[in-house]
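This report concerns only the one structure given below.
The values are calculated or read from the model by the stated rules, or taken from the named source; none is laboratory data. Treat the numbers as computed from the prediction; the structure is a model and nothing was measured. Reconstructed Cβ throughout: ideal geometry from the backbone, glycine too, with neighbour counts over all protein chains shown. We work out accessible area using only protein heavy atoms, side chains counted, and drop any ligands, DNA or RNA first. Shrake-Rupley method; radii C 1.70, N 1.55, O 1.52, S 1.80 Å.
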Amino acid sequence: MVYFVGAGPGAEDLITVRGQRLIRQADVIIYAGSLVNPRLLEEAGERCEIYDSAYMTLEEVIAVIVQAEERGLSTVRLHTGDPSLYGAIREQMDALDERGIFYEVCPGVSSFCGAAAALKLEYTLPEVSQSVIITRAEGRTPVPGRESLRSLAAHQSTMILFLSAGLAEKVREELLAGGCEPDTPVAVVYKATWPEERTLRTTLDALPRELSRAGISKTALIVVGNVLNKSGARSRLYAPNFTTGYRRARDPEEKDPEGKEPEGRGPEERQ
Ligand code: SAH
């Protein structure tokens, strides 16, 4: 059996309980050594075979998994953050599908969640932004043209850029070309949740200069958007005069703070 496991953003106690149990039970672990905290491996059993995929090709990873399967062993493929984001798991799952090897995925805390915690930030503020765009600047991996930073900038949504700290000049140019103001607030979180975590707050215009001054070019996320400096309107969900599926309004006759009638019924629709 093969488990793709999210290791979390860095801190060793930010892996899920399930992920930790799978590590403890694993016979073979293949971990992404460039970003996964090696202290997580201390939970592995004494006889567990451990491989660092930073030194391996896809073919070599698959060969290790196939050999483990032939021996009836349990393999954990440990990816940083959550495996679904920039984890290159699709190609591995495809290779396992071709060979009829069964696998499961155990989610993890993505680094973008770790970054929000470091910044004490809510990415979705009423009337500021209700959407989060997770993307990257184009580097060696191509990005479809319709998803260029320039075109995504039009939404003025909160943006989280993975894999882009070494491309700050391009990020600045593209977002300015897409209509972002030069003073758009930007934050950078380096190694979120690791002991060496650092955060910096700047503007889009000053981003390349500030990043090079801080010496940050990798293992960082760039967060762009007005949620960084606005507190936004109050949520409807916790407004006293708002009825939800769980709580009646104190004074249902009263209009909501913006003078609109409440829409919808359940809190799911209100959030
Ligand atoms: N699956 C991972 C992302 C892997 S891509 C996740 O969910 O977080 C690798 C990129 O993730 C890095 O270039 C960096 O942009 C970001 N990253 C990973 N861990 C990080 C951390 N602790 N702090 C800041 N950025 C991180």
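Rounded to the nearest 0.05, what FRET efficiency do Arg248 and Ser84 give with R0 = 22 Å and r taken as the Cβ-Cβ distance? Could you check? E between Arg248 and Ser84, to the nearest 0.05, is 0.05. Measuring with a 1.4 angstrom probe and ignoring ligands and nucleic acids, Phe102 comes out at about 140 Å² accessible. For the chain, what is the calculated [θ] at 222 nm in deg cm²/dmol (nearest 500), taking -39500 (n - 2.57) for each run of four or more DSSP H residues and dividing by its residue count? After summing the helix terms and dividing by the residues of the chain, the value is -6500 deg cm²/dmol. The stretch between Ala95 and Glu60, if pulled fully straight at 0.36 nm per residue, gains 11.4 nm over its current Cα-Cα span. When its C-alpha radius of gyration is set against 2.2 N^0.38 Å (N residues), segment 115-192 gives a value of 1.08.
Note on segment 2-109: along the principal axes its Cα atoms extend 34, 30, 24 Å, ordered by decreasing extent. Computed over every Cα-Cα pair of the chain and binned at 10 Å starting from 0, the pair-distance distribution P(r) comes out as 6, 25, 26, 23, 15, 5, 1 percent.
Once the other residues with Cβ under 13 Å from the Cβ of Ser231 are scored (Lys, Arg +1; Asp, Glu -1), what is the net sum? Every neighbour counted, the sum reads +1.
Which of rounded, prolate, oblate describes segment 79-214, given a ≥ b ≥ c as roots of the alpha-carbon gyration tensor eigenvalues and a/c under 1.5 marking rounded, otherwise prolate only if a/b is larger than b/c? It is prolate, given that a/c is not under 1.5 and a/b is the larger ratio. Note on the chain: with a GNM built from Cα contacts shorter than 10 Å, the maximum mean-square fluctuation among Ala95, Ala192, Ala32 falls on Ala95.
Mark the label point 7 Å from the Cα of Arg47 along Cα→Cβ and return the residues of segment 1-37 whose backbone N is within less than 11 Å of it. Backbone N within reach: 27. Taking every protein chain into account, the accessible area of segment 1-154 amounts to 53 square angstrom per residue (probe 1.4 Å). Summing +1 for each Lys or Arg and -1 for each Asp or Glu among the other residues whose beta-carbon sits under 14 angstrom from that of Trp194 gives 0. How much net charge surrounds Leu119 when only the other residues with a Cβ under 11 Å from the Cβ of Leu119 are counted, with Lys and Arg +1 and Asp and Glu -1? With Lys, Arg at +1 and Asp, Glu at -1, the net is 0. Span-like helix check, the chain: qualifying full DSSP H segments, with Cα axial length of 15 Å or more and mean Kyte-Doolittle of 0.5 or more, are 58-70.
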